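Below is one structure, written out as structure tokens, with a few remarks after it.
The values are calculated or read from the model by the stated rules, or taken from the named source; none is laboratory data. From a predicted model like this one, the values you see are computed outputs, not experimental measurements. Heads up, the Cβs are rebuilt from the backbone with ideal geometry, glycines too, and the neighbour counts pull from every protein chain shown. Heads up: the accessible areas ignore ligands, DNA and RNA and are worked out on the full protein's heavy atoms, side chains in. Shrake-Rupley method; radii C 1.70, N 1.55, O 1.52, S 1.80 Å.
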Number of protein chains: 2
Amino acid sequence: MSKSKLRWLLERDQTLPLYRQIEQQLRQRISNGEWPVGTRLPSQRKLAEQLGVNRSTVTQAIDELASWGIIAGNKGGGTRVVNNTWNRLAANTINWDRYVESGAHQPNLPAIRQINEAEYRADIIRTGTGEPGPELLPTARIRHILADASDEPFLGYEEPKGNLRLRQQIVHYVAKQGIQCSPESILIVSGALQALQLIAIGLLQRPSSIVAEAPSYIQSVRVFQSAGIGVHRVAMDAQGIKMSHLRQQLTEHQPGLLYTIPTFHNPTGTIMSNERRAELLELSSSLSLPLIEDDVYRELWLDEEPPPPLKSQDRHGNILYLGSLSKMMSPGIRVGWIIAPVPVIDRLADIKMQTDYGSSGLSQYVATRWLADGHQAQHQAWLREQLQARRDRLLAALEYHFGDIGAWNVPAGGFYIWLRLPVTVHVHRLFKLALRERILIHPGYMYDRAAAHHIRLSYSYAEMGQLEHSIQRLRQLVKQCMDV
Amino acid sequence: MSKSKLRWLLERDQTLPLYRQIEQQLRQRISNGEWPVGTRLPSQRKLAEQLGVNRSTVTQAIDELASWGIIAGNKGGGTRVVNNTWNRLAANTINWDRYVESGAHQPNLPAIRQINEAEYRADIIRTGTGEPGPELLPTARIRHILADASDEPFLGYEEPKGNLRLRQQIVHYVAKQGIQCSPESILIVSGALQALQLIAIGLLQRPSSIVAEAPSYIQSVRVFQSAGIGVHRVAMDAQGIKMSHLRQQLTEHQPGLLYTIPTFHNPTGTIMSNERRAELLELSSSLSLPLIEDDVYRELWLDEEPPPPLKSQDRHGNILYLGSLSKMMSPGIRVGWIIAPVPVIDRLADIKMQTDYGSSGLSQYVATRWLADGHQAQHQAWLREQLQARRDRLLAALEYHFGDIGAWNVPAGGFYIWLRLPVTVHVHRLFKLALRERILIHPGYMYDRAAAHHIRLSYSYAEMGQLEHSIQRLRQLVKQCMDV
């Protein structure tokens, strides 16, 4: 319950007292079944905060409902709906909690849910968000594309693999990166995360497992776990995956595939070295180990071009390659792609049709024009300059405020700085302290249970002045945590 | 393999002979891993047809590759890639077939895959497609909305439950249908099919089962099966679900929920009577049986308004209500919604964030404007007139050509006519005969295994002259099948 923001309009100049207005609105939510029996109400403190009224006003409303036997407090704290039968019908109510708790898909980690919620508060400073901030989005370019929407039909369903013209554009686009493919071996998806979801439910038997880097993109790991697939972790160093550890994990667990972000790794910013890439390809080929290459940050290089994709060296169809427009153009447009052997793409396209009937045709149309009209190349160059300046400012702020107590990477591309804090700092405590000051941080343990003293910073989202301010405040909070 | 259309450009005036061009292109697909070892090549007949060359030209190219030991025929017929090592590396190749066959999600039924493929052939007449045809799409209105895209941000990620303004518009929209809810109890999804997918993986334990009408929307049933959930069927009559059979199924199987399309049922067009609705609501409440009410056809009434949604009578939060813009405005925009108790919506929103990070923000923006600016109401009225005229023409054609050998419903809304053919007609044979003449029909067995003598017709998609022609041809083909 506490998750849902309450967006009620209380009318202060109405004749009905505020507490009665609140009571009425609570009552309505209960009587129309939105808050079924068993639902826990938000705390009185939270209600008061969200409604912008005194806590005593909320208490009055709650007491009123309790006197009707509609809600009741319990010992564990919190107030629950216990009855919704104003109309005196003796009805059984569905225990939705039982349903909610029994679904196969795992819930998000509490920390992620807290972050998801906090992110939509307008007043929060998001220090770790991995997407381009509002000023970095090409709004004017997209508006131009939209205003000029030609006779192209984009309101009907698309082909199972996605819009053909978009796939042709992607063929050209990835060719520049050394990947040779044809439209039949491309599937359009609603972002790289969905690609992983399709792979998890479409290509792996039960039971089976995968290997992923530690740390890694948390959502991707979660998708596999929720599909009932085990996730083993492989350690990294500055060159990328530690091959000896990988061999060990492969021998021990015989996983179905390896998930890797070789270029501008999330969250560490690491670029896998050429040597490691060659070793990994050889291993994949000699052991018949499929790889998922998540390459969504490639174009966001800042100093020099990164090594070519693993996929460009893949002569045996061992690699499932993921690309996306989320980081380069717009996360909200939800357009990404998988490049893989045709039988794999056929299978994944079939599952996508069964689960969401294809990605938005309108988004696909805009993505096609984005690539075809040369916007990507122009925007990319501009975006790089912006990100370069932002990275340098964040590095300078870190140097100034964390030079004596932290350690971090200098990213050559992507969005992320992986900041190590002193071991005496309890990061979850830091998270809570910072959130109280409206500073949202991404604790390292979200990316790797063992990363108890890291946080992920991103220079892509927050306004730079606010980000610098946050770094300064974080130093003070870190010191506070150290002193305890 | 046979599924992927080949879209190769052969240059007829090039100096390289055609068969060498074909050989090169085949070779490229094999050497870059798109067609890994084990891939079955399209048949020579099909290749020739798709490339627009003589079969002997294809044979020449195939022989060339076979002489290199790259491909080989097998006894079962068909040619497979057996080697891809021009470069003489001794590499192991991944057996993708094993992966493709072992995923948890079930493949689509072959008939559905055939239909999915055939639908994207430009020359096909689609007699059963359940979406508005190109002339029924509000392309001008949408272009107007796009051209006028205001300062609204639509390129970033949306809230977990979807764009708030869209959810507020939906609150107003469904209020007209008698449903009272607030934005917190709405989740924006990429169409009703995705809603079912989220419910299947988010709310039902394993093992468990559901009950669905027989016949029913095939994809919805499939989604549950693929998630490992059993599907029991309940018989229908002209009033909707047969309550005695439902009680029997509930007692016997104790399913987790009931999936129903009470208004303009797919594929039979049935409207559940008021009496049955009351009975069903009472049953749901007395047995604590959750219902999924799929109500995507509601606004497409042709003669008079249908009874109000079950959800409008739901005082206990027993109903998960599904709506969508796919049938009314655009299937390609992929915008639908679930209205349900808040704890359920919280849970499903969390899973949606984990699997695709929310629906296209651009699509959500257009949907918001569509509802807010009054387009929906205006377009609906126009669409009704169009569909009415189309329905009447299709009914007249059926009367003329099938009056003596078929039986069908007269739909009061929605898209569908459920045509019963003589029992001596083998519908799968009819499907194949019709497809040869570029007429695509939807066999009844897709919607219900027992419906061996039905086909689903739709007056929403095909151009009416072509649809009438198809009905005439289908009569002849049916007669042909009967004579055998």
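Is one or more of the residues making up the range A:65-75 part of a helix (DSSP H, G or I) and at pLDDT 85 or above?
For the range A:65-75, residues part of a helix (DSSP H, G or I) and at pLDDT 85 or above: absent.
Kindly indicate whether any position in the range A:278-301 is in contact with a Lys or Arg (Cβ under 7 Å, 6 or more places away or on another chain) and assigned to a helix (DSSP H, G or I).
Checked against the condition, which is being in contact with a Lys or Arg (Cβ under 7 Å, 6 or more places away or on another chain) and assigned to a helix (DSSP H, G or I), the range A:278-301 yields at least one hit.
Go through the range A:399-414 and report how many residues are open to solvent by 60 Å² or more (accessible area, probe 1.4 Å), part of a helix (DSSP H, G or I) and of a type outside the set (Ser, Thr, Tyr).
Residues that pass the stated criteria total 1.
Has the range A:374-392 got any residue that is under 30 Å from A:His172 (Cβ atoms), open to solvent by 60 Å² or more (accessible area, probe 1.4 Å) and of a type in the set (A, V, I, L, M, F, W, C)?
Looking through the range A:374-392, at least one residue is under 30 Å from A:His172 (Cβ atoms), open to solvent by 60 Å² or more (accessible area, probe 1.4 Å) and of a type in the set (A, V, I, L, M, F, W, C).
Just the residues that are more than 7 Å from every other protein chain (Cβ to nearest Cβ), charged (D, E, K, R) and part of a loop (DSSP other than H, G, I, E, B), please, taken from the range A:327-360.
The one that is more than 7 Å from every other protein chain (Cβ to nearest Cβ), charged (D, E, K, R) and part of a loop (DSSP other than H, G, I, E, B): A:Lys327.
When the residues of the range B:294-326 are filtered to those that are of a type in the set (Lys, Arg) and within 12 Å of another protein chain (Cβ to nearest Cβ), which remaining residue is most open to solvent (accessible area, probe 1.4 Å)? Give the steps one after another, and end with the answer.
If we filter the range B:294-326 for residues that are of a type in the set (Lys, Arg), which is where we start, we get B:298, B:311, B:315.
Now drop any that are not within 12 Å of another protein chain (Cβ to nearest Cβ), which leaves B:311, B:315.
Values: B:Lys311: 19, B:Arg315: 103 Å².
This residue is B:Arg315.
Identify all residues within the range A:237-251 that are in contact with a His (Cβ under 8 Å, 6 or more places away or on another chain) and surrounded by fewer than 23 Cβ atoms within 10 Å (Cβ to Cβ); write none if there are none.
Step one: of the range A:237-251, the residues in contact with a His (Cβ under 8 Å, 6 or more places away or on another chain) are A:240, A:249.
Correct list: A:Gln249 only.
Check the range B:277-286 and report whether any residue there is surrounded by fewer than 22 Cβ atoms within 10 Å (Cβ to Cβ) and in contact (Cβ under 8 Å) with a residue 40 or more places away in the chain.
yes
Identify, by number, the condition in (1) modelled with pLDDT under 95; (2) within 27 Å of B:Ala238 (Cβ to Cβ); (3) not in a loop (DSSP other than H, G, I, E, B) that B:Gln480 doesn't meet.
Exception for B:Gln480: condition (2).
Filter the range B:194-213 for residues that are within 7 Å of chain A (Cβ to nearest Cβ) and touching a residue at least 40 places away in the same chain (Cβ under 8 Å); which is nearest to the chain's Cα centre (by Cα)?
First, the residues of the range B:194-213 that are within 7 Å of chain A (Cβ to nearest Cβ): B:194, B:197, B:201-206.
Checking which are touching a residue at least 40 places away in the same chain (Cβ under 8 Å) leaves us with B:194, B:201-205.
On the way: B:Gln194: 11, B:Ile201: 19, B:Gly202: 21, B:Leu203: 23, B:Leu204: 23, B:Gln205: 26 Å.
For the range B:194-213, the residue satisfying everything is B:Gln194.
Can you pull out every residue in the range B:415-452 that is closer than 23 Å to B:Val211 by Cα, open to solvent by 20 Å² or more (accessible area, probe 1.4 Å) and assigned to a loop (DSSP other than H, G, I, E, B)?
Once the filter is applied, which keeps residues that are closer than 23 Å to B:Val211 by Cα, open to solvent by 20 Å² or more (accessible area, probe 1.4 Å) and assigned to a loop (DSSP other than H, G, I, E, B), the range B:415-452 yields B:Asp448, B:Arg449, B:Ala450, B:Ala452.
If we scan the range A:81-104, do we find a residue that is out of contact with any Ser or Thr (no Cβ under 7 Å at 6 or more places or on another chain) and at pLDDT 85 or above?
The answer is no, given that none of the residues of the range A:81-104 is out of contact with any Ser or Thr (no Cβ under 7 Å at 6 or more places or on another chain) and at pLDDT 85 or above.
Under the condition of being at pLDDT 95 or above and of a type in the set (Gly, Ala, Ser), which residue from the range A:193-213 is surrounded by the most Cβ atoms within 10 Å (Cβ to Cβ)?
A:Ala195
Going by the structure shown, is B:Leu137 within 11 Å of another protein chain (Cβ to nearest Cβ), within 23 Å of the chain's Cα centre (by Cα) and crowded, with 24+ Cβ neighbours inside 10 Å?
Details: within 11 Å of another protein chain (Cβ to nearest Cβ): yes; within 23 Å of the chain's Cα centre (by Cα): yes; crowded, with 24+ Cβ neighbours inside 10 Å: no.
Spelling it out, it is not the case that B:Leu137 is within 11 Å of another protein chain (Cβ to nearest Cβ), within 23 Å of the chain's Cα centre (by Cα) and crowded, with 24+ Cβ neighbours inside 10 Å.
Determine whether A:Arg222 is among the basic types (Lys, Arg) and at the interface with chain B (Cβ under 7 Å from one of its Cβ atoms).
Working: among the basic types (Lys, Arg): yes; at the interface with chain B (Cβ under 7 Å from one of its Cβ atoms): yes.
For A:Arg222, the condition - among the basic types (Lys, Arg) and at the interface with chain B (Cβ under 7 Å from one of its Cβ atoms) - is met.
Can you tell me which residue in the range A:171-184 is most open to solvent (accessible area, probe 1.4 Å), limited to those that are within 12 Å of chain B (Cβ to nearest Cβ) and closer than 18 Å to A:Ala367 by Cβ?
Taking the range A:171-184 as the starting set, the residues that turn out to be within 12 Å of chain B (Cβ to nearest Cβ) are A:171, A:174-175, A:178-184.
Applying the additional criterion that residues be closer than 18 Å to A:Ala367 by Cβ yields A:171, A:174-175, A:179, A:181, A:183.
On the way: A:Val171: 27, A:Val174: 1, A:Ala175: 58, A:Ile179: 3, A:Cys181: 17, A:Pro183: 18 Å².
Result: A:Ala175.
Restricting the search to the range B:31-50, which residues are modelled with pLDDT of 85 or more and open to solvent by less than 40 Å² (accessible area, probe 1.4 Å)?
Hits for the range B:31-50 are B:Glu34, B:Trp35, B:Pro36, B:Thr39, B:Leu41, B:Pro42, B:Leu47, B:Ala48.
Kindly check whether there is at least one residue in the range B:150-167 that is farther than 16 Å from A:Gly332 by Cβ and either open to solvent by 40 Å² or more (accessible area, probe 1.4 Å) or β-branched (Val, Ile, Thr) (or both).
Checking the range B:150-167: not a single residue is farther than 16 Å from A:Gly332 by Cβ and either open to solvent by 40 Å² or more (accessible area, probe 1.4 Å) or β-branched (Val, Ile, Thr) (or both).
Could you tell me whether B:Pro153 is within 11 Å of chain A (Cβ to nearest Cβ) and at pLDDT 90 or above? First the steps, then the outcome.
Details: within 11 Å of chain A (Cβ to nearest Cβ): yes; at pLDDT 90 or above: no.
Taking the combined requirement at face value, the residue does not satisfy it.
Testing B:Ile261 on (1) in contact with a helix residue (DSSP H, G or I) (Cβ under 7 Å, 6 or more places away or on another chain); (2) within 24 Å of A:Leu155 (Cβ to Cβ); (3) modelled with pLDDT of 95 or more, one condition comes back false. Which one is that?
So B:Ile261 meets the others, but not (1).
Might you check whether a residue that is part of a loop (DSSP other than H, G, I, E, B), at negative phi and not assigned by TED's automatic domain parsing to the domain that holds B:Gly336 occurs anywhere in the range B:377-398? Full working, then the answer.
We begin by selecting, within the range B:377-398, every residue part of a loop (DSSP other than H, G, I, E, B); these are none.
Within the range B:377-398, none of the residues are part of a loop (DSSP other than H, G, I, E, B), at negative phi and not assigned by TED's automatic domain parsing to the domain that holds B:Gly336.
Does A:Arg121 fit the bill of being part of a helix (DSSP H, G or I) and open to solvent by 20 Å² or more (accessible area, probe 1.4 Å)?
Working: part of a helix (DSSP H, G or I): no; open to solvent by 20 Å² or more (accessible area, probe 1.4 Å): yes.
Judged against the criteria, A:Arg121 is not a match.
Could you grab me the full set of residues in the range B:356-385 that are free of Cβ contacts under 8 Å to residues at least 24 places away in the same chain and over 18 Å from B:Lys176 (Cα atoms)?
B:Trp382, B:Glu385
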